[in-house]
Amino acid sequence: MGLLRPTFAAAAVATAILMAPGHVSPLQAQAAPNLSGIWQRTRSVTPESDQLPLNVRGVALREAIDESLAPMYDCVPATIPHILGDPYNFSIEQQRDRVIFRFEKDGVTRTAWVGGRAATPSDYALHGYSVGKYEGSTLIVDTRFYTFDPGGLEDKPPMTPSSTQKRTIERYTRTGDTLTVDVEMTDPLILKAPVKFQFQFRPTKDALVEWPECDPEQSRAPLNYMPVSSLKYGIR
Amino acid sequence: MRRILLLFPVVVVAAAALQWFAVSVDAHHSEAPFYDGEKTVSIRGVVKSWVFRNPHPFLYVEVADDKGVKNDWVLEFVGPVRLIKQGWSAKTFTPGEIVSATGHPSRAAGTFGLSPLSVSRADGSVIPGSGRSGGLTPENSGGPGPGGIN
């Protein structure tokens, strides 16, 4: 009996460690691909604007949106997939119950919950609500409940919005020192078919640079350099 | 003269390549709606202030035209994170110092915005990263994208 006490205590300690948030068990570590680290973009493939399979509403919304409506001019961060498309680094941190993405771009931090609850409408947010899972050597991140975004489908002119029905599926696959991220976006209110993006990254030893504070006044200032006549509605 | 003529195509190709790269880095916002890429102007003036913030740092420069009329020009650079990687900071420019810049002017009449192609100190030294590519090279940019200002 005396021998059991230390054994029990050791088991309790071990259990506590295994249950601790953020702990990755050896089994999970074997099952999950190692994607952790800081990544630098090497390649970007995005669909041409005239190739987007827009439905009639999508076409009409694209016609209605002009540069001055772009959320970026009010310091609103970019969302998936565009946040992956600019030449800034990002990091991946894999924990037992979550994967944390930290982007230099816009200073954004996203969390994909692994094995957690499903998304609900109460999760509507700029970056939506992300659920992650591992399939073989791939991390799959399914994100729903994005808020309406004037540049959510295409964030550069002519700009195309995404609706609250926007859904993205990201697939992160590492082959040697190459991380490939395939993104499929669906949005039945805007698109007739899914749209695909692909980005590739390589590891970098550079630390992430902290994103300086965004100045909303300065952010919007360039719009004053556009002749009013070049805006669709003449309103900045 | 013959040597100059022989070099001419090389210069043209190099200039075209530079121009292509200058407008092909991916963008926070595109340059074309705001700045006239068909025009290039040069200015020289006194730094009034340097605001090193996102999404784009602005350099305010007081410039006197040939009639002595002073205007405040605003130079818009690429994103500060890119510039930090080039060694830039909130102390890159000091109020009162003289700078020269060449770039594309803003489109709206009566405005004095500039999208710089290069910025130089009073001694003529060009500041690395002050152009449209913000120090990006084809090797580290991840390939071409829509032209603009990151």
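The values are calculated or read from the model by the stated rules, or taken from the named source; none is laboratory data. Owing to the predicted nature of the structure, the values given are computational and were not obtained by experimental measurement. All Cβ positions, even for glycine, are placed from backbone atoms using ideal geometry, and neighbour counts span all protein chains on display.
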Could you tell me which numbered condition B:VAL61 fails, if it satisfies all but one of (1) surrounded by fewer than 19 Cβ atoms within 10 Å (Cβ to Cβ); (2) touching a residue at least 12 places away in the same chain (Cβ under 8 Å)?
(1)
Condition check: among the hydroxyl-bearing types (Ser, Thr, Tyr), closer than 25 Å to A:PRO47 by Cα, surrounded by fewer than 21 Cβ atoms within 10 Å (Cβ to Cβ) and out of contact with any Gly (no Cβ under 7 Å at 6 or more places or on another chain). Does A:THR138 satisfy that?
yes
Test: residue in segment A:107-118 that is among the small types (Gly, Ala, Ser), assigned to a loop (DSSP other than H, G, I, E, B) and at positive phi
yes
Looking only at segment A:148-177, which residues are among the hydroxyl-bearing types (Ser, Thr, Tyr), surrounded by fewer than 23 Cβ atoms within 10 Å (Cβ to Cβ) and farther than 18 Å from A:TYR134 by Cα?
A:SER163, A:THR164
Sort through A:LYS192, A:LYS232 and tell me the only one that's within 12 Å of chain B (Cβ to nearest Cβ) and touching a helix residue (DSSP H, G or I) at 6+ places or on another chain (Cβ under 9 Å).
A:LYS232
Please enumerate the residues belonging to segment A:195-214 that are more than 13 Å from chain B (Cβ to nearest Cβ) and within 28 Å of A:ARG57 (Cα to Cα).
A:VAL195, A:LYS196
Might you check whether a residue that is among the hydroxyl-bearing types (Ser, Thr, Tyr) and modelled with pLDDT of 95 or more occurs anywhere in segment A:77-92?
yes
Test: residue in segment A:64-73 that is within 13 Å of another protein chain (Cβ to nearest Cβ), exposed (fewer than 15 other Cβ atoms within 10 Å of the Cβ) and within 22 Å of the chain's Cα centre (by Cα)
no
Please determine whether any residue of segment A:108-122 is of a type in the set (A, V, I, L, M, F, W, C), over 15 Å from the mean Cα position of the chain (by Cα) and either within 14 Å of chain B (Cβ to nearest Cβ) or surrounded by fewer than 17 Cβ atoms within 10 Å (Cβ to Cβ) (or both).
yes
When segment A:203-233 is examined, which residues are found to be surrounded by fewer than 18 Cβ atoms within 10 Å (Cβ to Cβ) and of a type in the set (S, T, N, Q)?
A:THR204, A:ASN224, A:SER229, A:SER230
Only one of (1) within 11 Å of chain A (Cβ to nearest Cβ); (2) within 30 Å of A:LYS205 (Cα to Cα) does not apply to B:ALA32, and that is (2)
Might you check whether a residue that is more than 14 Å from every other protein chain (Cβ to nearest Cβ), farther than 25 Å from A:LYS192 by Cα and part of a loop (DSSP other than H, G, I, E, B) occurs anywhere in segment A:97-105?
yes
Residue, surrounded by the fewest Cβ atoms within 10 Å (Cβ to Cβ), within segment A:34-55, restricted to residues that are assigned to a loop (DSSP other than H, G, I, E, B) and hydroxyl-bearing (Ser, Thr, Tyr)
A:SER36
Could you list, in sequence order, all residues of segment A:185-202 that are in contact with a Leu (Cβ under 8 Å, 6 or more places away or on another chain) and either surrounded by 16 or more Cβ atoms within 10 Å (Cβ to Cβ) or among the aliphatic types (A, V, I, L, M) (or both)?
A:MET185, A:ASP187, A:ILE190, A:LEU191, A:VAL195, A:PHE197, A:PHE199, A:GLN200, A:PHE201
